[in-house]
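Single-structure report; data block below.
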Amino acid sequence: MGENSLRGFLEKLEKAGQLVHYTDEVIPEPEIRRIGRAAVDIAAGNTGPAVLIENIKGYKGKRVAINVLGTWANNAVMLGMDKDTPLKEQFYAFAERWAGGSDGELKWIENAPCQEVKVTKDINLYELLPLFRVNKYDGGFYFSKASVVTRDPEEPDNVDKQNVGMYRIQVQGPDTLGIQVLPFHDGGIHLRKAEEMGVALPVAICLGVHPVNSLMASAPLNFDQSEYKYAAAFMGEPQVLTKTLSGNLDVPAYAEIVLEGEFVPRERYPEGPFGEFPGSYSGSRRQFRIKLNAVTTRKNPIFENLYVGRPWTEHDTLIGLNTSATLYFQLRETMPEVKAVNALYQHGLTIIVATDNRFGCYAKTVAMRLASTPHGTNYAKNIIMVDGDVDPFNLVQVMWALSTRVRPQKDVIVIPNTPGMPLDPCSEPPGIGGKLIIDATTPAPPEIARDVRMVDSIPEAEAYQKILIDLQKKAAK
Amino acid sequence: MKCVRCLTDNASKVAEAPDGSKAWEVYFCNRCDFVWRSSEEPEVIDPDKRDPWFQMADVEVEDIPVFSPVPPLRK
Ligand SMILES: [Zn+2]
């Protein structure tokens, strides 16, 4: 995938007609927010372009990239597929690469492009980068798509325990950042150890990387799995890294911008609110602070950020298929009848699973299995089960299954008082919830369905779709 | 100067438009960590027009919940 960089990917998008240049002058607020919102809203997150905003009032000469992986067309380009590829096919292609595991190759270079420009004195992020407020009532200007690199302070030479995570970051002072790291995340484990030891944890924050790097940063990998090795396996080529100026951290050599610094140990400072992916603001909390000691960039760097808020947004696209693929493989370990998992909605608060019934009411067991996976424990609030021949990514088919398969008295189950997701606005108290299972599969023996004949699906018709689409393209010329 | 969110006198200018256009300035409150740009919408930067739900005038910093508690030091 080129030089596994943001720029390389933007070139691919441009060739596919999925990148536009916005050259009219815009004011940072509220216009960048509105452009980001609009780009992902086109065809409900399906076909909108990435946008390079090139003429920002007060930031002449600086550029913002937004909606880079906001839509399924852009995701298809990342997977090397035609931009019209249906979502279910993108899911299988994604899952196949995902299964490639963590054995990818790493390569280090010196004099990396991400260090062409070095700022080590008088750092002022408000002047260096075209920052903007993502949502109106956010507490400040946020990095919403940052890859945060830390190492285990007990094993600083262990590359596999180096973590790359995506956390929301509020720019506060000109060289200070507020950051929300969840205690159970890998970065949170590094931070807890450093604070127990009373030391400042070094950190690097990468902005503007290849989308596969962002995917891995936002994916729930195990503590001792390297996000960079995963990215290399996923891309099928080595991940090129370089060392930070100030320390032992590895950053993508072609990143647009790298911020280097240290966590301030054993102190907490106000951060937030921030408009989050369920479409609600999280409140103000006292959180970790980072103090920067260097900013390095490529020449004429592109500042990439994502719009997140009321769904659908780039946040949903970014985490959607890796959440789905993770759950798909976990279920299939013991339940090979599972055909596909759609966990696209609010990070899997609502999930649709396509499965065959091994025997009567089996789908309900699959649902309970889903609800007890690590991710499903707090997410997987609404679980919809459909037959194996229903495409769970095609909501028309899912609605058909609900309409024609669900017997409310038998197939709808509510499990009260289970763990919930604190960011779910109706989780009350935050962190407590319940589960809803709707079984929209066809009854299997020994359960007896009513004696009806359903109209067959016509898989042979798919080949004709391509013919008709080509004819349609010709007709439009 | 006065912070538009917590209304205390803890804010100061931290940046101007870097292209020299004087298009705007950025302000930062070192008490509540709010940041704003002078060119933003009134509902964001005018305390009278901001949604009261987001104001922090009556909030003590010490009362803001801590997300990740500081762990005990190792002996
Ligand atoms: Zn304030």
Hey, among B:Cys32, B:Cys3, which residue is within 13 Å of the ligand (Cβ to nearest atom), modelled with pLDDT of 95 or more and out of contact with any helix residue (DSSP H, G or I) (no Cβ under 8 Å at 6 or more places or on another chain)? B:Cys3
Which pairs have Cβ atoms under 6 Å, sit 6 or more apart or on different chains, and link a residue in segment B:1-30 that is surrounded by fewer than 20 Cβ atoms within 10 Å (Cβ to Cβ) to one that is at pLDDT below 95 and not polar (S, T, N, Q)? B:Leu7/B:Ala57
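Residue by residue through segment A:145-154, note down the ones that are closer than 13 Å to A:Val308 by Cβ and either facing chain B (nearest Cβ under 9 Å) or of a type in the set (Lys, Arg) (or both). Full working, then the answer.
Of all residues in segment A:145-154, those closer than 13 Å to A:Val308 by Cβ come to A:145-146.
Across segment A:145-154, the qualifying residue is only A:Lys145.
Which of the residues spanning segment A:342-392 are assigned to a strand (DSSP E or B) and aliphatic (A, V, I, L, M)?
Within segment A:342-392, the first condition is being assigned to a strand (DSSP E or B), and the residues that meet it are A:342-345, A:350-355, A:382-387.
A:Ala343, A:Leu344, A:Ile351, A:Ile352, A:Val353, A:Ala354, A:Ile383, A:Ile384, A:Met385, A:Val386 - these are the residues of segment A:342-392 that are assigned to a strand (DSSP E or B) and aliphatic (A, V, I, L, M).
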Among (1) open to solvent by less than 90 Å² (accessible area, probe 1.4 Å); (2) out of contact with any strand residue (DSSP E or B) (no Cβ under 6 Å at 6 or more places or on another chain); (3) among the hydrophobic types (A, V, I, L, M, F, W, C), which single condition is A:Ala380 missing? (2)
Among the residues of segment A:271-292, is any in the same structural domain as A:Trp72 (by TED's automatic domain parsing), over 30 Å from B:Arg74 (Cα atoms) and of a type in the set (A, V, I, L, M)? no
Residues of segment B:54-75 that turn out to be exposed (fewer than 14 other Cβ atoms within 10 Å of the Cβ) and either more than 8 Å from chain A (Cβ to nearest Cβ) or in contact (Cβ under 8 Å) with a residue 12 or more places away in the chain (or both), as a count: 7
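Matching residues to (1) open to solvent by 20 Å² or more (accessible area, probe 1.4 Å); (2) modelled with pLDDT of 95 or more; (3) over 22 Å from A:Leu215 (Cβ atoms):
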{"residue": "A:Thr350", "(1), (2), (3)": "yes, yes, no"}
{"residue": "A:Lys364", "(1), (2), (3)": "yes, yes, yes"}
{"residue": "A:Arg369", "(1), (2), (3)": "yes, yes, yes"}
{"residue": "A:Asp391", "(1), (2), (3)": "yes, yes, yes"}
{"residue": "A:Val396", "(1), (2), (3)": "yes, yes, yes"}
{"residue": "A:Ala401", "(1), (2), (3)": "no, yes, yes"}
{"residue": "A:Gly420", "(1), (2), (3)": "no, no, yes"}
{"residue": "A:Pro429", "(1), (2), (3)": "yes, no, yes"}
Which residue pairs have Cβ atoms under 9 Å apart, sit 6 or more places apart or on different chains, and have a first residue in segment A:74-90 that is touching a residue at least 40 places away in the same chain (Cβ under 8 Å) and a second that is among the β-branched types (Val, Ile, Thr) and outside any loop (DSSP other than H, G, I, E, B)? A:Asn74/A:Thr317; A:Asn75/A:Thr317; A:Met78/A:Val212; A:Lys83/A:Val77; A:Asp84/A:Ile469
Checking A:Phe234 against (1) of a type in the set (Phe, Trp, Tyr); (2) surrounded by 20 or more Cβ atoms within 10 Å (Cβ to Cβ); (3) without any contact (Cβ under 8 Å) to a residue 60 or more places away in the chain, the condition it does not meet: (3)
Which residue, of A:Leu191, A:Leu177, A:Leu182, is within 11 Å of another protein chain (Cβ to nearest Cβ), outside any strand (DSSP E or B) and open to solvent by less than 10 Å² (accessible area, probe 1.4 Å)? A:Leu191
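Of all residues in segment B:31-46, which are open to solvent by 30 Å² or more (accessible area, probe 1.4 Å) and within 7 Å of chain A (Cβ to nearest Cβ)? Spell out the reasoning first.
Of all residues in segment B:31-46, those open to solvent by 30 Å² or more (accessible area, probe 1.4 Å) come to B:31, B:38-39, B:42-43, B:45-46.
Matches in segment B:31-46: B:Ser39, B:Glu43.
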Condition broken by A:Thr150, with the remaining ones in (1) surrounded by 24 or more Cβ atoms within 10 Å (Cβ to Cβ); (2) more than 26 Å from the chain's Cα centre (by Cα); (3) closer than 30 Å to A:Leu79 by Cβ satisfied: (2)
Checking A:Tyr142 against (1) within 14 Å of chain B (Cβ to nearest Cβ); (2) open to solvent by less than 20 Å² (accessible area, probe 1.4 Å); (3) over 19 Å from A:Arg37 (Cα atoms), which test does it fail? (3)
Just wondering, is there one or more residues in segment A:301-309 that are out of contact with any His (no Cβ under 9 Å at 6 or more places or on another chain), within 14 Å of chain B (Cβ to nearest Cβ) and in contact (Cβ under 8 Å) with a residue 24 or more places away in the chain? yes
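Table: residues versus (1) open to solvent by 20 Å² or more (accessible area, probe 1.4 Å); (2) in contact with an Asp or Glu (Cβ under 8 Å, 6 or more places away or on another chain); (3) more than 14 Å from every other protein chain (Cβ to nearest Cβ).
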| residue | (1), (2), (3) |
| --- | --- |
| A:Gly279 | yes, no, yes |
| A:Gly283 | yes, no, no |
| A:Lys291 | yes, yes, no |
| A:Ala294 | no, yes, yes |
Is at least one residue of segment A:223-230 more than 14 Å from chain B (Cβ to nearest Cβ) and either of a type in the set (Asp, Glu) or over 20 Å from the mean Cα position of the chain (by Cα) (or both)? yes
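The values are calculated or read from the model by the stated rules, or taken from the named source; none is laboratory data. Worth saying up front: this structure is predicted, and the values here are computed from it rather than measured. Glycine also receives a Cβ, built like all others from the backbone with ideal geometry; neighbour counts cover every protein chain displayed. In case anyone asks, the SASA skips ligands and DNA or RNA and just uses the protein heavy atoms, side chains included. Shrake-Rupley method; radii C 1.70, N 1.55, O 1.52, S 1.80 Å.
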